[in-house]
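Visitor: What follows is a structure written as structure tokens; I'll ask about it next.
Values quoted throughout were computed directly from the atomic coordinates according to the rules given, and no laboratory measurement underlies them. Nothing here was measured: the structure is a model prediction, and the numbers come from that model. Here the Cβ positions follow ideal geometry from the backbone for every residue, glycine too, while neighbour counts run over all protein chains shown.
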Amino acid sequence: MGVFDSMVREDGHEQVIFCRNEAAGLRAIIAIHDTTLGPALGGCRMWDYASEDEALTDVLRLARGMTYKAAAAGLNLGGGKAVIIGKRDQKSEAMFRVFGRFIESLNGRYITAEDVGTTVHDMENIFMETKYVTGVAPAHGGSGDPSPVTAFGVFRGMQASAAAAFGSESYQGKRVALQGLGNVGSHLLKHLAEDGAVLTVTDIDKERCDTLAKEYGCEVVSPEAIYDVDCDVFSPNAFGAVINDDTIKRLKCKVVCGGANNQLKTDRHGIELGEREILYAPDYVVNAGGLINVYVEMEGYVRERALRMASGIYQNTERVINISREQGIPTYEAADRFAEERIEKIGQIKRGFFGGI
Ligand code: NAD
């Protein structure tokens, strides 16, 4: 299959750039999916892919996901992503600087950020060669750790979901099973506890879990038992594909809403949640706070502004649930419709000549 066929098959990416520099050991792919709304923003992943095909498939899929996430969050950003093929011990200043030069050559069409396998330090090396990088250290005007903003956005999504499922956005007395107390989960725990939720938590880091549970007065269960907890809301904040054939039949909740990426193992699991009358708040809609945070960084970082924008995740979640109900489609599909509709509408307003702007 030709390159264009494979790009079209993967939902019509605009541009895919293969970057190589032998001296620095760089082999990277940048995928720009859609820039209707603005520059393509998405992290740079470094991974020891088994093949170039695997790397290409991954970057195309991830870039597309960023288009939808940014569009649903109401940001003026398109979707893109980059992957560097290699092991972490192959990293060097030269590798990230030359990668930065490739990014610079795109003149702002693609903006990179930290992702799996890359660090703030790597971003700083990229920053030496291009300004089209976010997530640099606060000392360089960066926004720092995005997880408090992500967690706040997830909490707003949980409030909107509770309003839709139970008729009240308040968590007073609502039973929540929280999976994962890392960067996002621990901040989310605080919001929920402050709102009066009755919490059952788990984490494979037992010490951390016990400390936080004691501080916030939560019940603790083993990582495997979290799916069986009788609760109103199950909140995944650890890893992806948690809604799968094994777990779905065990869930006793009415809502699934959390910060983890790619919660549904397959689309079919999203349909099945609906059939079981469990409301699924689509992950990329509710966990967009991290993306909002770097977006605000691009404009000059102000934490209050990031939080205010993340607060809008409530309305975005509400809208997605309404689309799902009006059109009789699963919420994950309604989220895609919501994002596509915005891209379509905003794309239309860019037509015509308005005196050179
Ligand atoms: P993290 O690594 O800080 O936290 C993950 C936590 O999950 C850790 O405490 C880990 O011990 C725990 N965990 C791992 N396996 C577990 C298991 N089997 N059972 C229970 N707990 C387990 O990561 P994070 O930054 O908090 O991100 C959590 C999720 O949210 C990820 O899926 C991430 O992609 C997503 N996300 C994060 C952000 C952000 O701003 N950090 C933004 C968007 C999405």
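Visitor: Given a Förster radius of 35 Å and the C-beta distance between ASP53 and SER222 as r, what FRET efficiency does 1/(1 + (r/R0)^6) yield to the nearest 0.05?
Guide: So the FRET efficiency works out to roughly 0.35.
Visitor: Sort out the exposed loop trypsin sites (Lys or Arg not before Pro) in the chain (DSSP loop, at most 16 other Cβ within 10 Å) and tell me the longest stretch that has none.
Guide: Excluding the exposed sites themselves, the longest stretch runs over 132-248.
Visitor: While we're on this one: For segment 55-70, take each phi angle, set θ = phi - 60°, evaluate the Karplus expression 6.51 cos²θ - 1.76 cosθ + 1.60, and give the result in whole Hz per residue in order, putting x for glycine and proline.
Guide: Coupling constants for segment 55-70: 5, 5, 4, 5, 5, 5, 5, 5, 5, 4, x, 5, 4, 5, 5, 5 Hz.
Visitor: Give me the mean projected area, in nm² to one decimal, of the convex hull enclosing the Cα positions of segment 127-191.
Guide: 6.1 nm²
Visitor: Less than 11 Å Cβ to Cβ from ASN262, Lys/Arg counted +1 and Asp/Glu -1: what total charge do the surrounding residues give?
Guide: +1
Visitor: Can you work out ³J(HN,Hα) from phi for every residue in segment 295-305, in order, using Karplus 6.51 cos²θ - 1.76 cosθ + 1.60 and θ = phi - 60°, giving whole Hz and x for Gly and Pro?
Guide: Each residue of segment 295-305 in turn: 4, 5, 4, 5, 9, x, 6, 9, 4, 4, 5 Hz.
Visitor: Right, something else. Give me the Å³ per residue figure for the convex hull around the C-alpha atoms of segment 147-342.
Guide: 109 Å³
Visitor: Quick one: Debye curve from the C-alpha atoms of segment 1-94, no solvent, what's log10 I(q)/I(0) at q = 0.16, 0.23 Å⁻¹?
Guide: -0.64, -1.09
Visitor: Using only C-alpha atoms and all pairs of different ones, pull out the Kirkwood radius for segment 239-349 in Å with one decimal.
Guide: 15.1 Å is the Kirkwood radius here.
Visitor: Moving to a separate point now. When the convex hull of the C-alpha atoms of the chain is computed, what volume per residue in Å³ does it have?
Guide: Here the figure is 158 Å³ per residue.
Visitor: Cβ under 11 Å from ASN21's Cβ, ASN21 left aside: what net charge do those residues give with Lys, Arg +1 and Asp, Glu -1?
Guide: +3
Visitor: Please return the longest range in the chain lying between exposed loop sites, taking GluC sites (Glu not before Pro), DSSP loop only, at most 15 other beta-carbon atoms within 10 Å, and leaving the sites out.
Guide: 23-276
Visitor: Something else: Could you list HIS269, HIS121 in order of exposure, starting from the residue whose Cβ has the fewest other Cβ atoms within 10 Å?
Guide: Fewest-to-most ranking of HIS269, HIS121: HIS121, HIS269.
Visitor: Expressed as a whole number of Å, what is the distance separating the alpha-carbon centroids of segment 188-219 and segment 233-283?
Guide: Computed from Cα coordinates, the inter-centre distance equals 21 Å.
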